[in-house]
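So the structure is just underneath, and the comments pick up after that.
The values are calculated or read from the model by the stated rules, or taken from the named source; none is laboratory data. Predicted, not measured: the structure shown is a model, and the values here were computed from it. Don't worry about glycine lacking a Cβ; one is built from the backbone with ideal geometry, like all the others, and counts go over all protein chains shown.
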Amino acid sequence: MKLTAEQRIERAHVKLMQDPDFCLFSGVFMVGKVEVSDVIPTAYTNGRDVTYGRSFVTGLADPELNFVVLHETMHKAYRHLLVYEKLAKDNMRLANMAMDYVINLQLMDMKKPDVIQMPKDKDGDIIGLIDERFRGMDTRQVYEILKKEEPQGGNGGGGGGQPDKKSDCLDDHGWAEAKDLTKEEKDKLEGEIDQALREGAILAGKLKGNVSREIQELLHPKVDWKEALREFVKSTMMGNDQSTWRKPSKKFIAQGIVMPSTYSEKAGQLVVGVDTSGSIGSEELGQFLGEVKSICDEVCPEMIELLYWDAVVARHEHYEGHEVAGLVNSTKPRGGGGTLPGCVPLYMREKQISPQCVIMLTDGYFSGGCGVWIDVNAPVLWCVNGNKQFNPTVGQSVYVEV
């Protein structure tokens with residue numbers, strides 16, 4: 001029995017959900033509405049909903065339809081029509097092309113012709129844009145190149161809308177619909193896509209599937225690591241050895257009792273564990289320790305225990321009081337062997353170091369696993385340089401870009 005366009009699209013979803021390399025998008029398939037139209041020439045998305053042309057779907061082989069479904073889904077996953085609204089306003093045609101160039105190359109790089117293939121027309125010509133020049137680029141980079149190559153008098157200012165030939169772009173993009181979404185709708189869409197990708201990444205991990213670099217970056221958005229580090233230290237090390245009536249305690253206000261709040265002009269002991277297995281360069285180390293030092297100037301820890309470690313703690317430096325000011329210039333890193341962060345809490349127990357918090361600087365690649373991380377009775381922050389897949393078993397982590 002011949003399947004309808006709707007049934008073929010549903011079958012494509014199931015096929016891709018079962019594939020280790022494409023199951024990542026399982027949840028994204030379900031975000032928004034999926035419809036079939038008799039008037040859409042190929043496919044269309046506004047960044048949330050997808051519409052497929054009935055005659056177009058009917059003329060595609062299964063791998064070609066799978067490709068189109070993934071193409072539309074990746075527009076949603078990358079939030080293209082939300083992120084690149086300004087590019088479309090400047091030149092809609094080039095924005096459309098740039099997004100498609102990026103997606104099509106990524107899909108072709110999967111090298112799974114039995115599952116996905118770029119569609120072809122009746123003459124055997126590929127429908128869609130593909131250009132090796134743009135490998136590894138993002139949409140904005142491709143757009144800037146296309147704009148420089150655009151002849152004078154081209155379709156600027158969003159005019160013209162779509163590419164010149166039907167083979168230029170695989171689909172149409174609903175910029176106007178995307179723009180008309182309310183802030184609440186956009187926030188909801190962002191949350192649904194983010195959650196869908198995270199759940200898909202877990203499934204891909206279980207099936208040993210591939211998660212592209214671009215999707216990994218979506219799942220690990222950039223944060224200001226300096227601000228995260230500063231907030232961690234200040235929130236965990238502020239003591240309560242003094243009191244002030246200037247700021248009444250919130251704890252007792254609800255009971256109708258006015259009591260002073262507590263604060264501290266100094267904090268206790270801070271441990272900084274630095275991975276010296278060879279992956280942390282002098283520039284990264286200098287900037288990191290400089291940031292630690294500036295934070296210490298604010299919270300005034302009584303002492304800093306600086307531990308350089310690889311498979312063991314290779315060097316222990318102790319700073320207190322005025323010595324903290326010269327930490328960056330006086331420190332002498334040691335190490336260079338294997339990588340076993342579990343040696344840090346073991347060393348702390350042996351030396352009876354009981355800090356208010358622990359900061360670990362590492363690239364997150366360990367030669368023998370984490371090792372046994374014994375409880376140090378203190379919050380732990382991992383500042384990870386390079387490995388966005390690092391997931392600590394103890395404490396929290398922030399990705400460092402120096």
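Brief remarks follow.
- Given (1) within 27 Å of residue 189 (Cβ to Cβ); (2) touching a Gly at 6+ places or on another chain (Cβ under 6 Å), index of the condition residue 54 fails: (2)
- Sole exception among (1) out of contact with any strand residue (DSSP E or B) (no Cβ under 6 Å at 6 or more places or on another chain); (2) touching a residue at least 40 places away in the same chain (Cβ under 8 Å); (3) among the β-branched types (Val, Ile, Thr) for residue 271, by number: (1)
- Residues located in the range 85-116, provided they are surrounded by 22 or more Cβ atoms within 10 Å (Cβ to Cβ) and among the acidic types (Asp, Glu): 100
- In this structure, residue 38 does not qualify as closer than 18 Å to residue 189 by Cα, of a type outside the set (Phe, Trp, Tyr), touching a Lys or Arg at 6+ places or on another chain (Cβ under 6 Å) and in the same structural domain as residue 207 (by TED's automatic domain parsing).
- In the range 70-82, the count of residues that are farther than 25 Å from residue 215 by Cβ, assigned by TED's automatic domain parsing to the domain that holds residue 117 and touching a residue at least 60 places away in the same chain (Cβ under 8 Å) is zero.
Each row is one residue, and each column tells you yes or no for (1) under 33 Å from the mean Cα position of the chain (by Cα); (2) without any contact (Cβ under 8 Å) to a residue 40 or more places away in the chain.
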{"residue": "286", "(1), (2)": "yes, no"}
{"residue": "303", "(1), (2)": "no, yes"}
{"residue": "306", "(1), (2)": "yes, yes"}
{"residue": "315", "(1), (2)": "no, yes"}
{"residue": "328", "(1), (2)": "yes, no"}
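- Filter result (small (Gly, Ala, Ser) and surrounded by 16 or more Cβ atoms within 10 Å (Cβ to Cβ)) within the range 119-142: 128
- Verdict on residue 361 being in contact with a His (Cβ under 6 Å, 6 or more places away or on another chain), buried (at least 18 other Cβ atoms within 10 Å of the Cβ), in contact (Cβ under 8 Å) with a residue 40 or more places away in the chain and closer than 14 Å to residue 275 by Cβ: no
- Applying the criterion of at least 2 residues that are surrounded by fewer than 16 Cβ atoms within 10 Å (Cβ to Cβ) and at pLDDT below 70 to the strands (runs of 3 or more DSSP E) found wholly in the range 206-298 leaves 242-248, 260-263.
- Test result for residue 62, surrounded by fewer than 22 Cβ atoms within 10 Å (Cβ to Cβ) and closer than 22 Å to residue 22 by Cα: yes
- Residues (at pLDDT 85 or above and surrounded by fewer than 13 Cβ atoms within 10 Å (Cβ to Cβ)) located in the range 375-396: 375, 377
- Some residue of the range 25-34 being surrounded by 19 or more Cβ atoms within 10 Å (Cβ to Cβ), closer than 14 Å to residue 203 by Cα and polar (S, T, N, Q): yes
- Within the range 344-358, tally of residues that are free of Cβ contacts under 8 Å to residues at least 24 places away in the same chain and either of a type in the set (S, T, N, Q) or touching a Ser or Thr at 6+ places or on another chain (Cβ under 9 Å) (or both): 1
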